[in-house]
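Just so you know, all these numbers are worked out from the coordinates, no wet-lab data involved. All values derive from a computational prediction rather than experimental measurement. Cβ: placed from backbone, ideal geometry, glycine included. Neighbour counts: every protein chain shown.
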There are 2 protein chains.
Amino acid sequence: MTPRLQTAVSAAARDIEAVLDQLLPVTDGLERRLIEAMRYSALGGGKRLRPFLVTESARLFSVAGPAALRAGAALEMVHCYSLVHDDLPAMDNDDLRRGRPTTHKAFDDATAILAGDALLTRAFEIMAHPATHGDAAVRAELVLALALAAGAEGMCGGQMIDIEAEKQTLDLGAITRLQRMKTGALINFGVEAGAILGKAPTALRHALAGYAHDLGLAFQIADDLLDVEGSAETVGKATGKDQARGKATFVSLLGIDRARSQADMLADQAVAHLEPFGPSADLLRDVARWVVERKS
Amino acid sequence: MTPRLQTAVSAAARDIEAVLDQLLPVTDGLERRLIEAMRYSALGGGKRLRPFLVTESARLFSVAGPAALRAGAALEMVHCYSLVHDDLPAMDNDDLRRGRPTTHKAFDDATAILAGDALLTRAFEIMAHPATHGDAAVRAELVLALALAAGAEGMCGGQMIDIEAEKQTLDLGAITRLQRMKTGALINFGVEAGAILGKAPTALRHALAGYAHDLGLAFQIADDLLDVEGSAETVGKATGKDQARGKATFVSLLGIDRARSQADMLADQAVAHLEPFGPSADLLRDVARWVVERKS
């Protein structure tokens, strides 16, 4: 990560943490265990890549800070809910996430299911709230785009395919579609959200969509490489799991070297899409390069 | 159920079934198991009380059919997702729902979790879609109100309290709050949705909110009575469970007779709130009376 990206990501992560904290207020009611589990699941972790994409893409269109931070926090809640549900015993059965016990280990399965449900719901509440944007058309568009990215045609559908993939061997086309849905859709939405907030012209939306598409795929290939090459200690979650389950990944289909060069090529392509934005997109360029070089 | 209510409810249920069918299209993709589980969870069952409340309240403000049916179908998806997640082994561990195997029994736990997640997400997609209403302010308001009703301050929070209630004895105030959140919030939203779609004036919104509040509580007290007095065969799900778990309910706190008269009183109160609407609200009046008299 370049020093300027490191500085910007750290600052944005602090901002997002503060907004998440404010959007998940503790309560005295009997439902406080739910709020605690939502806070445990959403606060204090991760690089906050997706909200960073929201704030950086919003900055290209001079969107004021609070709007992008709220939209970024909502997107992060969706990401966190998906991790909570994916980690459940009925799904991936993971005990460790970001170096901490997963939500169902720290609480219990029922609370984790509900906390995920409530985080997803809160995300839509935030997108639809007038505090996020004064223009209702922007709010409705944010909700619609987020729902499409997170639902059966996006993340949930990708997760279903990922489970089905344990029963059959997927080819490269199927793996690409799976990952575009499972991981790519939310990353795409992060970049798209800035364009929605900034009421960006169509041509610039398309340029950003191209960037997001290549970034998302590069991100996933790098993730597959980390699963093979990384250790649980540095990656912060269990590694080697795909291989142990005999699941097809970009790495198992392409081999390490071709997967690596494919990821690098996608990062270059992602950067090329940002040409219309000039130097104001430099941090988004840095993100694309970092995504394929990261060690965790 | 009065004959006119029976006729109207049956017709509305058929319409909602058709809209749900259309809003959950089958797919050829590898994610088809998810779509099948969503369809299994949402189609072919229930009295569709919540969507009926949407279409009937919308009719008070002369809202065109498709808008209310789409909003009603979205609300029904949220109701169905909550049943799918509540039935999971980690939650209520129910095998039977509407006389059929629950979703996790017909599919598996992971698919049921994902199907619930995707139904919830699809509901927000529908609310935010221009096909539901041409005015983005209405769409954003529908999303916001639904999220508040379904989330940590509403249904999810109520479900958490319900789980916590197995560890401690709740008094009547706490039970009332629990049920207002767990069951009442979605019923309230059903009535509210019609007012939002119809851009109803504040006074009429308040009247409808009063109706919905009393209706929701009456509904829950009647549910508690059915749990004690009904059989699994007629009710369509396991009965006697609250008692077996030693959970406080309106019936355990008030006794059968007082619970019955409280439910009747609330139904009368609900009807009284509808006075400003004249005969056009007759079916909503019938609903209030039916809710406390039903045998399933």
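If a/c stays under 1.5 just call it rounded; otherwise compare a/b with b/c (prolate if a/b is bigger, oblate if not). Do that for chain A, with a ≥ b ≥ c from the square roots of the Cα gyration tensor eigenvalues.
oblate
For chain A, set up a Gaussian network in which alpha carbons nearer than 10 Å are linked by springs, and say which option among A:247, A:167, A:199 fluctuates the most.
Comparing A:247, A:167, A:199 in a Gaussian network model of chain A, the most mobile one is A:167.
Is there a simple number for the mean count of other chain Cβ atoms within 10 Å of the Cβ of residues in A:26-36, and what is it?
6
What does the charge count around residue B:268 come to, taking other residues whose C-beta lies under 14 Å from its C-beta (Lys +1, Arg +1, Asp -1, Glu -1)?
The answer is -2.
Where in chain A are the helices, taken as whole DSSP H runs, whose Cα atoms extend 18 angstrom or more along the long axis and whose Kyte-Doolittle mean reaches at least 1.6?
Span-like helices in chain A: A:136-150.
With springs only between Cα atoms under 10 Å apart, run a GNM on chain B and tell me which of B:253, B:146, B:69 wobbles the most.
Highest fluctuation among the options: B:253.
Considering chain A as a Gaussian network with a 10 Å cut-off on Cα pairs, which listed residue, A:263, A:128, A:203, attains the greatest mean-square fluctuation?
Per the Cα network of chain A with a 10 Å cutoff, A:203 tops the list.
Mind running the shape call on the range A:102-226? Use the C-alpha gyration tensor, a ≥ b ≥ c as the square roots of the eigenvalues: rounded below 1.5 for a/c, prolate if a/b tops b/c, oblate otherwise.
Judged from the Cα gyration tensor, the range A:102-226 comes out oblate (a/c at least 1.5, b/c at or above a/b).
Based on the Cβ-Cβ distance from residue B:4 to residue B:26, what FRET efficiency comes out when R0 is 51 Å, to the nearest 0.05?
0.90
What's the magnitude of the charge dipole for the protein assembly as shown around its Cα centre, counting Lys and Arg as +1 and Asp and Glu as -1 at the beta-carbon? Answer in Debye, nearest 20.
It works out to roughly 600 debye.
When the helix-only estimate is applied to the protein assembly as shown (DSSP H runs of n ≥ 4, each -39,500 (n - 2.57), divided by the residue count), what is the mean residue ellipticity at 222 nm, nearest 500 deg cm²/dmol?
Dividing the helical sum by the residues of the protein assembly as shown leaves -22500 deg cm²/dmol.
Compute the distance from the alpha-carbon center of the range A:258-290 to that of the range A:68-85, in whole Å.
24 Å
Can you classify the range B:19-151 as rounded, prolate or oblate using the Cα gyration tensor, where a ≥ b ≥ c are the square roots of its eigenvalues, rounded means a/c under 1.5, and otherwise it's prolate if a/b beats b/c and oblate if not?
Prolate, because a/c is 1.5 or more and a/b exceeds b/c.
Compute the label-point distances linking residue A:62 to its equivalents in the other copies; points lie 7 Å from Cα along Cα→Cβ; give nm, one decimal, shortest first.
When each copy's label point is compared with this one, the spacings are 4.5 nm.
Could you pull the copy-to-copy label distances for residue A:131, with points set 7 Å along Cα to Cβ, in nm to one decimal and sorted shortest first?
Nearest first, the other copies' label points are 3.3 nm away.
Label-to-label distances across copies for residue A:265, with labels 7 Å out along Cα→Cβ, in nm, shortest first?
7.6
Between their Cα atoms, which of A:47/A:295; B:167/B:247; A:182/A:247; A:199/B:199; A:47/A:199; B:47/B:295 are more than 20 Å away from each other?
Checking Cα-Cα distances, A:199/B:199; A:47/A:199 exceed 20 Å.
Given a cut-off of under 8 Å on Cα pairs at least six residues apart, what relative contact order in percent is computed for the range B:3-293?
Relative contact order of the range B:3-293: 19 percent.
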